[in-house]
Structures are given as C-alpha cells and as structure tokens.
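Here is the structure we will look at, set down as structure tokens.
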Amino acid sequence: MAEKLKADLLLVNAGQLVTVAGASAAPKRGEEMARLDIIEDGAVAVCNGVIAAVGTTGEVLGRIDKSNAPQVVDARGQVVLPGLVDPHTHLVFAGSRENEFELKIRGMTYLEILKAGGGILSTVSATRAASEEELFRTARKYLDQMLSQGTTTAEAKSGYGLTVHDELKILKVIRELDRFHAADVVPTFLGAHAVPGEYRDDPEGYLSLVVEVMLPAVAGRGLAGFCDVFCEEGVFSVEQSRRLLLAAKALGLELKIHADEITSLGGGELAAELGAVSADHLTAVSGRGITMLAGSGTVAVLLPATTFCLMGRQYAPARRMIEEGVAVALASDFNPGSCPVNSLQAVMGIACRQFKMTPAEVISAVTINAAHAIGRAREIGSIEAGKKADMVIFDAPAYNYIPYRFGTNLARTVIKNGRVVTGG
Ligand code: IZC
Ligand code: ZN
C-alpha cells in the first residue's frame, strides 16, 4: 500500500472544486478557456503551504495520514476556485481622483484631463509628496480589500513617481508589501507611465532618463521582473516604446505594454513582435494586432472595469480574440483615475455582460491565464499537487453563480499558502 500523505490542512466536501488544471505549461486558448475541470464533492490536502493531493473527499481522506490532526475546512454546498490572480494593478499611489470622476460624468475625456495636467500627473504630485510608510499603509489597505475578495496574488506597477528616487521608492513599497502581506505582490517598473510636468517640453529627454538611469537602477537592485510602458497617443509612441522595451529586454526584464487602450497605435503588434509576456487593454486593437497576438505567446490582459469606469461605449473585442486563438486574461487595472475598482469578482461580472465571455471563460481568465500573464503559472493559478495552496471558497451553489451575483462579495474563506487568511 502506498505511504499515507502528511497534511496540515484539509479542505473537504466542496460542492464544486474548480481546479482549472492542465494548463500550467501554456495558457488556455479558444475552446479550452471554457473547460474548467470540476470535481464534485471535492477535497484538497495541503502540507507546508503546498497542495499535496486533490480529488473527491473520499479519495483524499483515504490517502492522508490522519495521525497529525490537520485543520479541517468544510466547503459543503460551496464552490472552491484557485486563488484569483490580478495581473494588472497600479496599487501604490497617494490621494484619490473623485473630482476627475465628476468631470468625466460631465463629459470630459480621460486624455483631455491628462492634457490639462490632471489625471496621472495629479496622482504623481501626491505620490511624490508621500513617504514610503504612508504609501505602504494606503496600499496595504487596498490589498486587504483585494485579498478578502479572493485575490491572492496581484501584480503592482510603479509609475506615479517619475523621478529616479520616487520610482525606486514605489518599487521598495511593493517589495515590502510582498514581504509583509499575506497576498503575493509581483512588481513591474512603469517609469514610462507619463511625461512629468518638468519634462513637458522635452519628452525624449524624459525617455532617456527612464532608459539610461531608471531602468539600470531598477534592474541592478532586482526591484522588478517586468518593464511596462503606456503606449498611447500623447503619451509614448510605438517607436519610443520599442526603444524602452528593447533596453529592458537587454537587462533581462520581461515586457508588458499598455497597448491600444484608447487609440489604435499598434501596441498589440509591438507586444507580439517583441515577445512580451502580456499586452494589456487592447480596447482599440486592430485586426492585424489580433492575428499577431494569436500567433504569439503573449497573453492579452483585458480590463473591462476600466472601460466601464470611463463610461466608454467600446469594449475590447474579447469574443473575437478568443475565437481567433488569443490567450485572454482579465485584470482589475486598479488605479485612482481610470479604474478605482479592485475587486476581480466585479471584473468577472462586467466581463460576462460586456465582453459576452461565459462564466467558465472568465474563471480561466482570472486564474491560470492571469498567472501566465505574470510568469507564475508553474506555482499558482490552478488547484494541482505541487502548487501553492491558494484557494477561495465562495458562498455559491455553482461556479456560474459568482459572476451572476455581480456587486456582492461572495468570497467566504480565503486560503493563501495553506493558511486561512480571511473568513474561516
Ligand atoms: O492613473 O490614470 N491608464 N494609466 C494608464 C492609468 C490609466 C492610471 C491613471
Ligand atoms: Zn494600467
């Protein structure tokens, strides 16, 4: 008889254990996105923060050594998903922009507000004035909210400093959050988020500062694994973005692009050309961009809550992307301007209604495909032996109830690294 497995935590009796297994090597595409791999009356055994066994409750109980009395979490009549992964956030900032929200209601656009010196630049002023401790405290509060709604791993970008000192300050806050918070936080350098006021007449000079000073400082200190750029009309062009990203690649960073969010500039094509790990937004992506992304390893990270918050009429062509074979993930884009939403459950609800993605596709997009978008799919994004024990128990009779109940936090218990961190 096989030796019994040791476990320190046992999750049992799940009405639906949605494992999303089988896509750790490559992201899900096309029809695979709708296949979730569900175990009824499911159970998971956890040992030292890692998943040891997955199966029906009967199977798992039969395999474990009960002598060390593991903690038991009963998920009877409920749905268990892998810990949700948010692969695009601007988590660290000071202040808020509810005044801009009012301007938008009255008809001013996002780019008009930015051009008038508001938008990102108003958050930059507030963030420069804030200390590391203040930024840490504020971001920790937002991260607590995210974790209690099921997000166990979040990417976080710099980009509200725009000086060497302030960009490093934000990245250090992200590192501290990852160290001290139960959630994992994955850092991205976004020094090319906007041209700061003091460089208004010399955008090339600012780009040179990013490429020649900030980037080596970030890479040399190991403060970020990814480099991102806001490739947008009036911000950074495709040529400028290519220059930055090639320099980042040469320093060993992986690439992300804010691509075709408002204008169809060709950011999607650039992401595929450079082998970026993700191309994000893609609201205005071209047909050629879709074809190139489908033929690449780049994950399309779509941000429907942003379009919703900007009161946009045009949503990213998610259905067409899925049908053409693009690997699609979803993220919140949490930031104080275009998207003050940090709940992936809200994002899932909007994606079903506005993208016409099915609940199953949406779950693939916030778990395993989101993990691929931050290069972590070997460790997180599905419930499989050997992965981190990150799981969320939802107060829901079936998985498709979760996006259906848009607006309510249904996460009852969140388990991170094998520990119950909220609920119980
Ligand atoms: O602060 O407006 N789109 N960056 C690119 C943002 C939105 C964040 C912001
Ligand atoms: Zn963004």
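The values are calculated or read from the model by the stated rules, or taken from the named source; none is laboratory data. Quantities reported herein were computed from a predicted structural model and do not represent experimental measurements. Here the Cβ positions follow ideal geometry from the backbone for every residue, glycine too, while neighbour counts run over all protein chains shown.
Here are the numbers for the structure shown:
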read-out: Members of the stretch 100-131 that are closer than 25 Å to residue 173 by Cα, hydrophobic (A, V, I, L, M, F, W, C) and assigned to a helix (DSSP H, G or I); value: 120, 121, 124, 126, 129
read-out: Top-ranked residue of the stretch 213-229 - restricted to ones that are touching a helix residue (DSSP H, G or I) at 6+ places or on another chain (Cβ under 8 Å) and within 16 Å of ligand 1 (Cβ to nearest atom), ranked as nearest to residue 250 (Cα to Cα); value: 227
read-out: Filter result for residue 417 (within 16 Å of ligand 2 (Cβ to nearest atom) and of a type outside the set (A, V, I, L, M)); value: no
read-out: Residue within the stretch 177-193 that is in contact with a His (Cβ under 7 Å, 6 or more places away or on another chain), under 15 Å from residue 257 (Cβ atoms) and β-branched (Val, Ile, Thr) present; value: no
read-out: The stretch 54-75, residues that are among the polar types (S, T, N, Q) and more than 17 Å from residue 383 (Cβ to Cβ); value: 67, 68, 71
read-out: Members of the stretch 333-355 that are charged (D, E, K, R) and within 14 Å of the chain's Cα centre (by Cα); value: 333
read-out: Tally, over the stretch 333-375, of residues that are within 16 Å of ligand 1 (Cβ to nearest atom) and not in a helix (DSSP H, G or I); value: 10
read-out: Any pair with Cβ under 8 angstrom, 6 or more apart, that starts in the stretch 323-347 at a residue that is touching a residue at least 60 places away in the same chain (Cβ under 8 Å) and at positive phi and ends at one that is within 16 Å of ligand 1 (Cβ to nearest atom) and in a helix (DSSP H, G or I); value: 333/305; 333/306
read-out: Residue in the stretch 217-236 that is farther than 26 Å from residue 334 by Cβ, in contact (Cβ under 8 Å) with a residue 24 or more places away in the chain and more than 15 Å from ligand 2 (Cβ to nearest atom) present; value: no
read-out: Those residues of the stretch 349-408 which are charged (D, E, K, R) and within 14 Å of residue 331 (Cα to Cα), in sequence order; value: 361
read-out: Residue 396 being surrounded by 24 or more Cβ atoms within 10 Å (Cβ to Cβ), of a type in the set (Gly, Ala, Ser) and assigned to a loop (DSSP other than H, G, I, E, B); value: no
read-out: Subset of the stretch 229-260 (residues that are over 14 Å from residue 278 (Cα atoms), among the hydrophobic types (A, V, I, L, M, F, W, C) and buried (at least 19 other Cβ atoms within 10 Å of the Cβ)); value: 235, 236, 244, 248
read-out: Test: residue 186 is under 24 Å from the mean Cα position of the chain (by Cα), outside any helix (DSSP H, G or I), among the β-branched types (Val, Ile, Thr) and more than 16 Å from ligand 1 (Cβ to nearest atom); value: yes
read-out: Yes/no for residue 163 being away from ligand 1 (no atom under 16 Å from the Cβ), among the polar types (S, T, N, Q) and closer than 30 Å to residue 240 by Cβ; value: yes
read-out: Failed item, numbered, when residue 310 is tested on (1) within 16 Å of ligand 2 (Cβ to nearest atom); (2) modelled with pLDDT of 95 or more; value: (2)
read-out: Looking only at the stretch 349-376, and only at residues there that are within 16 Å of ligand 2 (Cβ to nearest atom) and touching a Gly at 6+ places or on another chain (Cβ under 9 Å), the one that is farthest from residue 84 (Cα to Cα); value: 374
read-out: Candidates 346, 316 - the one that is within 16 Å of ligand 2 (Cβ to nearest atom) and at pLDDT 95 or above; value: 316
read-out: Lone unmet requirement of (1) surrounded by fewer than 23 Cβ atoms within 10 Å (Cβ to Cβ); (2) within 18 Å of residue 26 (Cβ to Cβ) for residue 374; value: (1)
read-out: Of all residues making up the stretch 291-314, the number that are away from ligand 1 (no atom under 16 Å from the Cβ) and surrounded by fewer than 17 Cβ atoms within 10 Å (Cβ to Cβ); value: 4
read-out: Residues of the stretch 358-379 satisfying the condition of being without any contact (Cβ under 8 Å) to a residue 60 or more places away in the chain and touching a helix residue (DSSP H, G or I) at 6+ places or on another chain (Cβ under 7 Å); value: 359, 362
read-out: Sole residue being closer than 27 Å to residue 378 by Cα and away from ligand 2 (no atom under 16 Å from the Cβ), chosen from 209, 143, 168; value: 143
read-out: Count - residues of the stretch 12-27 that are assigned to a strand (DSSP E or B) and at positive phi; value: 1
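A quick yes/no check of all residues on (1) surrounded by 19 or more Cβ atoms within 10 Å (Cβ to Cβ); (2) away from ligand 1 (no atom under 16 Å from the Cβ):
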| position | (1), (2) |
| --- | --- |
| 67 | no, yes |
| 73 | yes, yes |
| 76 | no, yes |
| 82 | yes, yes |
| 87 | yes, no |
| 92 | yes, no |
| 95 | no, no |
| 101 | no, no |
| 106 | no, yes |
